[in-house]
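Notes follow the structure.
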Amino acid sequence: MTDRNDEWFDRARSVIPGGVNSPVRAYGSVGGTPRFLASARGATVTDEAGRTYVDLVASWGPALLGHAHPEVVAAVQDAASRGLSFGAPTSAEVELADVIASRVSAGARHPVEKVRLVSTGTEATMTAIRLARGVTGRDLLVKFAGHYHGHSDGLLAAAGSGIATLALPGSAGVPAPIAAQTLVLPYNDLDAVREAFALHGDRIAAVIVEAAAANMGVVPPLPGYNAALADIAHAHGALFILDEVLTGFRVHPAGFWGLQQDAGEEYTPDLFTFGKVVGGGMPLAALGGRADVMDALAPAGPVYQAGTLSGNPLSVAAGLATLRGATPEVYARVDAAASAIADALSAALTAEGVVHAVPRAGSLFGVAFLPDAPRDYATALTQESWRYAPLFHAMLDAGVSLPPSVYEAWFLTAAHDDDAVGRVIEALPAAARAAASAVAP
Ligand code: PLP
């Protein structure tokens, strides 16, 4: 039976490559027709055929307060009434930089001293590595297999997210000399990092790591891992860049870094990158960190970065309203909803005898069809990933929208009240049965 989603997907494919503007949206690894969304409110999204789903995608993370939160929408409308884009400094962007800097704190430590606003997470990480290269005068970059930092040339090697979903080693179109500047190491393996620094220590500008990996499924760092990365980088005069685009302001008021500081794992990144929640659903991201490093950015310093829409007033308004609304109660609600669904997911799969793990990083979680939660990309790729498509479609049929790939995290919002959580939990047993009866390809 075709519906409005099929009609739109046909039309989309004739005018947009693959019918989508970002690859994972195409349902490539789960099959079927992507839902074309017409509106979203609170914990739900509504498609072009008029069907409403409880949403566990949350726009891939930004919608921490829930979709179309009235205060965020009002702030954007108010800003829009005063002009859509100025290409000039504004008071609101100063306020947002201050809010970001003051939130990322632990006791007396405030590692974000200065902030630059950009429009996407890709720009934030791309700028952070250019800055690290400019400040250190070195070229090489260390990243980890399965970690996704956006789609800039040097960061696509063995990246997670769509690269994992499409089972690609990287991307065509990245010149070999650029790819050769990135050393890709296995995650959660400190010996590999020590070895890379022993071989190339005086040429490495920076180590970049997802604060907790969440683009190859959820794969948290082992205890002490992030702190050890910072130590090793610093011992060799390299910078340590913590990518909190996905985790920042989502899992804790001060991001995954804040969660780790609360747990007693003390370390200080030189640079942080933020995105998603920081823009509250509008195009906005940021990098921030040590003042002496950040001041190397133009016009204060020699490292160039710019953007016509950087600090866009509507995006800044959405970011400010979202961060101001992200109270301790919001995090408590998101944590509770995540725990209830993660526990129910695991119980449903156990009841059907499906070998699985439900790895967690704060309120982020996902499913891995392996006996134990994977610690690295190579292991994550060995799972029975074909069990996910039937689970996904059983949930969709029951009115629950999950991320359309086993390698993506499930996102909750503060709008996931008992009713929304109950609807997800109710749908899980049939979805677990579908996963159990899936046949290997
Ligand atoms: N870094 C991480 C950890 C991400 O998860 C993402 C996107 O998912 C990015 C960077 C890139 O952000 P954007 O999609 O806004 O360019």
I'm trying to understand the selection: among the residues of segment 123-146, which are within 14 Å of the ligand (Cβ to nearest atom) and out of contact with any helix residue (DSSP H, G or I) (no Cβ under 8 Å at 6 or more places or on another chain)? E123, A124, T127, A128
From R41, R4, R82, R11, grab the single residue that is within 27 Å of the chain's Cα centre (by Cα) and among the basic types (K, R). R41
Scan segment 145-160 and report the pairs whose first residue is free of Cβ contacts under 8 Å to residues at least 60 places away in the same chain and outside any loop (DSSP other than H, G, I, E, B) and whose second residue is of a type in the set (S, T, Y) and within 13 Å of the ligand (Cβ to nearest atom), with Cβ atoms within less than 9 Å and a gap of 6+ or a chain change. L155/T122; L155/T125; L155/Y148
Among the residues of segment 281-290, which ones are in a strand (DSSP E or B), more than 9 Å from the ligand (Cβ to nearest atom) and touching a helix residue (DSSP H, G or I) at 6+ places or on another chain (Cβ under 7 Å)? A286, L287, G288
Is it the case that V245 is at pLDDT 95 or above, under 26 Å from H67 (Cα atoms) and within 16 Å of the ligand (Cβ to nearest atom)? yes
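Only one residue in V278, V293, V251 is in a helix (DSSP H, G or I), within 13 Å of the ligand (Cβ to nearest atom) and either aliphatic (A, V, I, L, M) or modelled with pLDDT under 95 (or both), so which one is that?
V278
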Quick check: anything in segment 180-198 part of a loop (DSSP other than H, G, I, E, B), buried (at least 16 other Cβ atoms within 10 Å of the Cβ), more than 16 Å from the ligand (Cβ to nearest atom) and at pLDDT below 95? yes
Flag if S85 is polar (S, T, N, Q), surrounded by fewer than 23 Cβ atoms within 10 Å (Cβ to Cβ) and within 16 Å of the ligand (Cβ to nearest atom): no
Condition test on V303, is it farther than 23 Å from L64 by Cβ, touching a residue at least 40 places away in the same chain (Cβ under 8 Å), surrounded by 16 or more Cβ atoms within 10 Å (Cβ to Cβ) and in contact with a Leu (Cβ under 6 Å, 6 or more places away or on another chain)? yes
Within segment 212-235, work out how many residues are in a helix (DSSP H, G or I) and either polar (S, T, N, Q) or more than 20 Å from Y377 (Cα to Cα) (or both). 8
Taking segment 104-122 on its own, how many of its residues are out of contact with any Ser or Thr (no Cβ under 9 Å at 6 or more places or on another chain) and within 15 Å of the ligand (Cβ to nearest atom)? 1
Look at I241 and say whether it is surrounded by fewer than 24 Cβ atoms within 10 Å (Cβ to Cβ) and either more than 22 Å from E93 (Cβ to Cβ) or not hydrophobic (A, V, I, L, M, F, W, C) (or both). no
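Taking segment 339-370 on its own, how many of its residues are in a loop (DSSP other than H, G, I, E, B) and touching a strand residue (DSSP E or B) at 6+ places or on another chain (Cβ under 7 Å)?
Of the residues in segment 339-370, the ones in a loop (DSSP other than H, G, I, E, B) are 352-356, 358-359, 362-363, 366-367, 369-370.
Those left that are additionally touching a strand residue (DSSP E or B) at 6+ places or on another chain (Cβ under 7 Å): 356, 358-359, 366, 370.
Within segment 339-370, residues that are in a loop (DSSP other than H, G, I, E, B) and touching a strand residue (DSSP E or B) at 6+ places or on another chain (Cβ under 7 Å) number 5.
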Out of everything in segment 32-42 that is within 17 Å of R4 (Cα to Cα) and in contact (Cβ under 8 Å) with a residue 60 or more places away in the chain, what residue ends up being surrounded by the fewest Cβ atoms within 10 Å (Cβ to Cβ)? G32
When the residues of segment 199-228 are filtered to those that are free of Cβ contacts under 8 Å to residues at least 40 places away in the same chain and surrounded by fewer than 23 Cβ atoms within 10 Å (Cβ to Cβ), which remaining residue is nearest to the ligand (Cβ to nearest atom)? Y225
Total residues in segment 375-422, condition in a loop (DSSP other than H, G, I, E, B) and aliphatic (A, V, I, L, M): 8
By residue number, the members of segment 412-438 that are touching a helix residue (DSSP H, G or I) at 6+ places or on another chain (Cβ under 6 Å), within 20 Å of A40 (Cα to Cα) and surrounded by fewer than 22 Cβ atoms within 10 Å (Cβ to Cβ) are V421
Residue that is touching a residue at least 12 places away in the same chain (Cβ under 8 Å) and within 30 Å of P223 (Cα to Cα), where the choices are A398, A420, A409, A389: A409
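The values are calculated or read from the model by the stated rules, or taken from the named source; none is laboratory data. These figures come from a predicted structure and were not determined experimentally. Virtual Cβ from ideal backbone geometry, glycine too; neighbours counted across all protein chains shown.
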